[in-house]
Every structure is written in C-alpha cells, then in structure tokens.
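Okay, so here's the structure we're looking at.
The values are calculated or read from the model by the stated rules, or taken from the named source; none is laboratory data. Bear in mind that the values here come from a model prediction, so they are computed numbers and not experimental data. Note that each Cβ is placed from the backbone with ideal geometry, even for glycine, and that neighbours are counted across all protein chains shown. What goes into the accessible areas is simple: the full protein's heavy atoms, side chains included, and nothing from ligands, DNA or RNA. Shrake-Rupley method; radii C 1.70, N 1.55, O 1.52, S 1.80 Å.
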Amino acid sequence: MAFTLTGEDACEKTLPTPIPNPYWVAFSAASARLVDIPLGKDHFPANPEWLEVLAGNNPSGFSEVFPNPISTAYSGHQFGVWAGQLGDGRAILLGEKSGQELQLKGAGKTRFSRMGDGRAVLRSSIREFLCSEAMHALGIPTTRALSIVGSDLPVRRETIETAAVCARLAPSFIRIGHFEHFASLQNIERLKELADLLIDEHYPGCEQSQNPYLELFTRICERNATLVAQWQSVGFCHGVLNSDNISVLGLTMDYGPFGFMDQFQIDHICNHSDQGGRYAYHRQPQIMHWNMACLASAMMPLIELTVDAENTEKLLRSALEQFPLIYAKTWQSLFRNKLGLINPQEQDVDLIERLLQAMHESSVDFTCFFRKLSDVRTNAAVDQISLRDEFINLPAIDQWFSDYLLRLNEESSDDVQRKLRMDAVNPKYVLRNHLAQAAIDKAKDRDFSEVANLLKVLEKPFEDQPQYEKYSNPPPPDLSQIEVSCSS
Ligand code: AMP
Ligand code: MG
C-alpha cells in the first residue's frame with residue numbers, strides 16, 4: 001500500500017503541472033515489467049496514454065490506478081545542519097501499482113517547492129535514470145527509473161536548459177527526513193503511524209519483537225550499513241548524503257551529483273559544491289552512521305512508549321554501535337569477493353587496505369583494475385603481471401602481488417573458477433561521468449540513441465559485451481575531470 005498518512009502536516013493532494021509537447025527520452029522495459037505495463041514491439045508502452053501520464057499531463061489517465069496524487073512533507077539535515085521542512089518540492093507520488101510507488105520527479109510545483117520551480121532538467125534526469133538502472137543491475141538496492149519524458153519547456157539553472165520528468169519506482173520513498181519531520185513537530189502519533197506503516201508493509205516480523213520500533217530501527221541501520229559497503233565496493237560516491245536523501249528501506253535514492261570513480265582516490269569528492277568534502281568517498285560510511293543517529297533521535301519518542309528514557313537511550317546507542325560492525329563485516333566480505341578469495345583470514349583487511357592505498361597513490365582506475373585482476377594466474381611471476389604497470393611505487397605493488405599470489409596458493413585457488421567468481425562481482429561497465437555526459441550532449445540535440453545504448457550496456461555490467469568494449473575504458477585525459485554540481 002502506498003503512503004497512507006493523511007492530513008496537511010503529512011502530505012498535500014497535488015496534481016502534476018502539464019509540460020508542452022512531451023516526447024519520450026528514455027524508457028526502461030525492465031522497470032515497466034515491475035508495474036505490469038504492456039509494451040509494444042519498440043519496448044515502449046503499447047498504450048500511448050502512458051506518455052501523457054508519465055509526463056504529468058494527464059493526471060486523470062489511469063485514475064482507477066492513480067486516484068490520489070500527493071506530495072509529502074519531510075524535513076532533514078543538509079550538510080550536517082538542521083534545515084527544517086523540505087518535502088517533495090518537485091516530486092509527485094501518483095500512487096501504487098503492483099507493490100511499487102510511482103513518483104514523477106520534476107512534475108511541477110508543490111506546496112513544498114519553497115523557492116524552486118518544481119522542475120528537473122533533462123541533464124540530471126538522464127543521469128538519475130541511467131544510474132538507477134545501472135545500480136540495480138549491479139545488485140545494489142536502489143529506487144528504479146521507469147521513464148524520462150522531455151519537453152522543450154525552458155528551465156533556468158546556471159544557463160537555460162529544458163525540462164524533463166523522470167518517473168521513479170520504489171516500494172516506498174519514505175526517508176529518514178519523514179521521521180525527522182514529525183519528531184521536530186513533536187507529533188508522536190504521526191511517528192507511530194509512519195513506523196507502523198513501515199512495519200506492516202516493508203519490515204514484517206518486527207511486530208513480534210519485544211520492542212517493535214527498536215527492531216525497526218535496528219533493521220533500517222542494517223540495510224543502510226550494507227548499502228554503503230556496497231557503494232564502496234564499486235567506487236560509487238553518492239554526493240549528497242543529507243538525511244532527507246536517505247531511504248528507510250536502504251535504497252540508493254535521490255541521484256544528484258553522484259559519481260563512479262575513474263581513478264581511485266580514497267578522498268574523492270564527486271560533488272563540486274561539497275567544498276569541505278563532507279561526502280567524500282572515504283567518509284560515506286561514517287556519514288551514513290551519522291544519519292542513522294539522526295534517525296535514532298527522531299525515533300526516540302517511539303521507543304519511550306514502552307521503555308523509560310534512560311533505557312531508551314541505552315538501547316538506541318547499542319543498536320547504533322552495530323552499524324560500524326555490520327559495515328566492516330560486509331565491506332570485508334565484498335572486497336574479499338572482489339579479490340576472488342574464499343576462506344576468510346585475519347590478514348585480509350591488511351591485504352585489501354594495502355591494495356587500496358597503492359591504487360590511491362598511483363590513481364589507478366578502480367573499475368578496470370578489479371575487472372582485470374581476474375586474469376592473474378596463481379603461478380604468475382610478479383614482474384610479468386601487466387597490471388603492475390599501472391602503479392608508480394613498484395616495490396609496494398610487487399610486494400602486494402606476491403602476498404596476493406601466496407594467499408591464492410594457500411587456498412589452492414583455481415584460476416578458471418576464480419575468474420568466473422570475480423567477473424560476477426567486479427563490473428566491467430559502470431556509469432562513468434564522461435559516458436553520461438556524452439549521452440546528455442546528444443540528447444540536447446534530441447538524439448536519445450546514446451541514452452538507450454548506455455541503458456543496454458549498463459543492464460549487464462558483468463558481461464563482456466565486445467560490441468560495447470569502448471564503454472569499459474577509462475575516460476580520455478581531457479574528460480577525466482568533469483565537474484558535477486548540485487544544480488539539477
Ligand atoms: P535534492 O537536493 O534534489 O535532494 O533536494 C533537496 C530539497 O529541495 C527537496 O525538498 C527537493 O524537493 C527540493 N528541490 C530541489 N530542486 C527543486 C526544484 N527545482 N523545485 C522545487 N523544489 C526543489
Ligand atoms: Mg533529495
């Protein structure tokens with residue numbers, strides 16, 4: 001069931017504002033299957049009315065399915081500072097179909113638009129669409145993208161751009177910020193409704209626990225600790241880990257100035273507007289933990305319904321302390337898999353960290369390195385390993401390869417089997433910034449072929465796709481420093 005809270009402190013009935021002369025920019029057939037939209041031979045919806053509905057031009061279209069479009073209220077911490085009420089300023093929830101909520105992003109002003117125009121530009125919509133689908137294909141939890149509908153409607157950002165509406169899907173778009181909102185209003189009844197909705201729909205079993213709300217909190221922490229470990233394992237930086245952008249289902253959401261790293265830099269900042277590097281790659285786990293502390297403080301009144309204040313704090317603190325442990329365990333397991341190791345050993349953390357340090361010092365391409373690592377043979381001579389040439393500090397990397405080979409030999413690693421395992425976890429294709437930019441540049445001239453090509457490639461990130469080999473390459477030097485800002 002969709003967002004069931006009612007009342008003006010929680011949401012507002014909001015119709016999308018139509019866009020002139022809408023056209024398809026992109027469509028994900030895989031996402032369409034999630035919501036049972038029948039498709040034609042061209043893999044776009046067979047019923048042309050969908051174009052109008054997903055443009056936000058026909059809110060009464062499919063009204064039996066989407067009877068009550070709303071925008072919801074949430075608040076949040078932005079860059080570590082309490083920002084007060086935010087809310088769906090440009091997203092409108094049409095309703096729910098087949099267990100997925102359908103939301104139109106960029107569908108016009110809402111009561112929560114504040115100074116904004118309620119729109120999203122084509123550029124940022126293409127990035128969100130492609131990354132949502134790419135992330136899903138990488139096996140990382142995320143909101144999904146169904147479509148982008150474009151229009152020539154001008155939208156003012158640093159320059160004049162054009163509008164687009166991105167249709168997103170998720171079992172729920174509830175964020176930490178929704179909890180923070182009602183906590184800031186000291187509205188315990190609402191907090192309870194929100195938590196009960198989550199338990200009923202998305203976290204079954206919590207109600208059997210001695211303290212269902214504590215159990216809910218613990219599980220939300222688990223999911224987000226796992227999520228951030230998964231991001232680290234593919235070199236993904238979210239860019240704006242504000243508490244209003246953190247899903248309580250542990251989904252990657254609100255794609256803005258994100259980036260998959262090309263050259264590995266442990267302190268990489270993908271968001272040009274993040275001057276202090278609060279959301280740099282190496283800080284993501286700690287920041288996600290901080291966000292969980294925001295959730296803990298918002299949920300505190302719920303726990304206090306059954307436990308006294310002193311014990312509430314103790315319980316929440318101990319649940320929060322699990323976060324770094326779950327993160328570390330998941331991170332180690334994911335990186336062990338990336339190295340093709342099977343039997344966990346104590347010194348694995350050191351092996352992984354030394355590799356990342358060497359990659360950082362030599363700015364080695366993150367995706368290419370791990371993908372090619374599966375070609376190393378256990379009987380290789382260290383100075384014959386071609387990946388070694390990517391590194392500046394040869395003694396350090398030689399020592400590393402020598403330890404790695406020893407480790408593989410210790411567990412009698414089979415070269416063929418290991419390659420199969422490693423290629424199934426080390427993607428060949430990720431949404432590099434320069435690839436997204438090339439698709440965007442073409443789209444600005446109404447050529448959407450590159451968006452479609454990229455979608456196709458990124459839907460199978462672990463498969464060798466010889467015809468798309470060039471998409472696996474690092475960017476040419478002049479395209480390696482594309483700057484991405486919050487403007488969207
Ligand atoms: P974001 O940085 O996209 O996660 O957005 C932060 C907040 O600003 C959310 O409440 C958004 O709904 C709102 N917002 C961002 N861009 C716009 C816009 N163009 N119009 C209205 N609200 C916006
Ligand atoms: Mg947001």
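May I ask which residue of I287, A229, P204 lies farthest towards the positive end of the charge dipole of the stretch 176-336, with charges of +1 (Lys, Arg) and -1 (Asp, Glu) on Cβ and the Cα centre as origin?
A229
Can you give the FRET efficiency to the nearest 0.05 for Y23 and A83, using r as the Cβ-Cβ distance and R₀ = 30 Å?
0.25
Provide the descending list of Cα extents for the stretch 11-170 along its principal axes, expressed in whole angstroms.
48, 36, 33
Highest mean first, what order results for 231-240, 97-106 on Cβ atoms within 10 Å?
Ranked by mean Cβ neighbours within 10 Å, highest first: 231-240, 97-106.
Among 110-116, 305-311, 16-22, how do they line up by average Cβ neighbours within 10 Å per residue, starting with the highest?
So the order, starting with the most tightly packed, is 16-22, 110-116, 305-311.
Go through the stretch 369-472 and name the trypsin sites (Lys or Arg not before Pro) that are in a DSSP coil and have 12 or fewer other Cβ atoms within 10 Å of their Cβ.
R446
Can you give the accessible area per residue of the chain, in Å², using a 1.4 Å probe?
Ligands and nucleic acids excluded, the result is 41 Å² per residue.
Can you check what the net charge comes to around I385, using other residues whose Cβ is under 11 Å from the Cβ of I385 (Lys, Arg +1; Asp, Glu -1)?
Net of charged neighbours comes to -2.
Write down the radius of gyration of the chain and its Dmax, each obtained from C-alpha positions, in Å.
So, for the chain, Rg and Dmax equal 23.1, 69 Å respectively.
Which whole-number percent of Cα pairs in the stretch 259-386 have a distance greater than 27 Å?
Percent of Cα pairs beyond 27 Å in the stretch 259-386: 39.
I need the peptides 317-324, 212-219 ranked by packing, meaning the mean over residues of other C-beta atoms within 10 angstrom, with the highest value on top.
The peptides rank, most packed first, as 212-219, 317-324.
Would you list, by chain and number, the aspartates and glutamates whose Cα falls below 14 Å from the Cα of K372, excluding same-chain residues fewer than 8 positions away?
Partners found: D389, E390, D415, D423, E463, D464, E469.
Work out Dmax and Rg for the stretch 176-336 from the C-alpha atoms and quote the Rg first, both in angstrom.
Computed over the Cα atoms of the stretch 176-336, radius of gyration and Dmax are 16.3, 50 Å.
Using unit Cβ charges (K, R positive; D, E negative) and no other charged atoms, how large, in debye to the nearest 20, is the dipole of the stretch 11-170 about its Cα centre?
Once rounded to the nearest 20, the dipole reads 380 debye.
Give me the one-decimal nm value for the distance between modelled label points at D478 and S402, 7 Å along each residue's Cα-to-Cβ direction.
Between D478 and S402, the simple spin-label model gives 4.3 nm.
Can you run the Rg to Rh ratio on the stretch 414-488? Use alpha carbon positions and the Kirkwood inverse-distance Rh.
Rounded to two decimals, Rg/Rh equals 1.06.
Quick check: the distance between the Cα centres of the stretch 237-257 and the stretch 163-188, to the nearest angstrom?
Each part reduced to its Cα centre gives a spacing of 11 Å.
Kindly work out what percent of the DSSP beta bridges joining two residues of the chain are antiparallel, to the nearest 5.
Counting DSSP beta bridges with both partners in the chain, the antiparallel share is about 95 percent.
Mind giving me the nanometre distance, one decimal, between the label points for E52 and K456, set 7 Å out from Cα along Cα→Cβ?
Calculated label separation equals 3.2 nm.
In terms of solvent-accessible area of protein heavy atoms at a 1.4 angstrom probe, what is the ranking of H178, H43, H289, highest value first?
H43, H289, H178
Taking the stretch 11-170, how many lysine pairs are there with alpha carbons less than 22 Å apart, if each pair must be eight or more places apart or span two chains?
4
Skipping prolines and chain starts, which residues have an amide H placed within reach, meaning under 5 Å, of the one on D365, given they are 5 or more residues away or on another chain?
Amide H neighbours of D365: F264.
Could you pull out every Cys in the chain that lacks a partner Cys with its beta carbon under 4.7 Å away?
Singleton cysteines: C11, C131, C166, C206, C221, C294, C368, C486.
Report, in degrees rounded to the nearest 10, the 0 to 90 angle that the Cα long axis of helix 188-201 makes with the longest principal axis of the chain.
Tilt of helix 188-201: around 60 degrees.
Give the separation of the Cα centroids, the stretch 359-375 to the stretch 64-94, in Å.
That distance is 39 Å.
Can you list the equivalent-ellipsoid semi-axes of the stretch 78-163, largest first and in whole Å, using the square root of 5 times each Cα gyration tensor eigenvalue?
So the three semi-axes of the stretch 78-163 are 22, 18, 15 Å.
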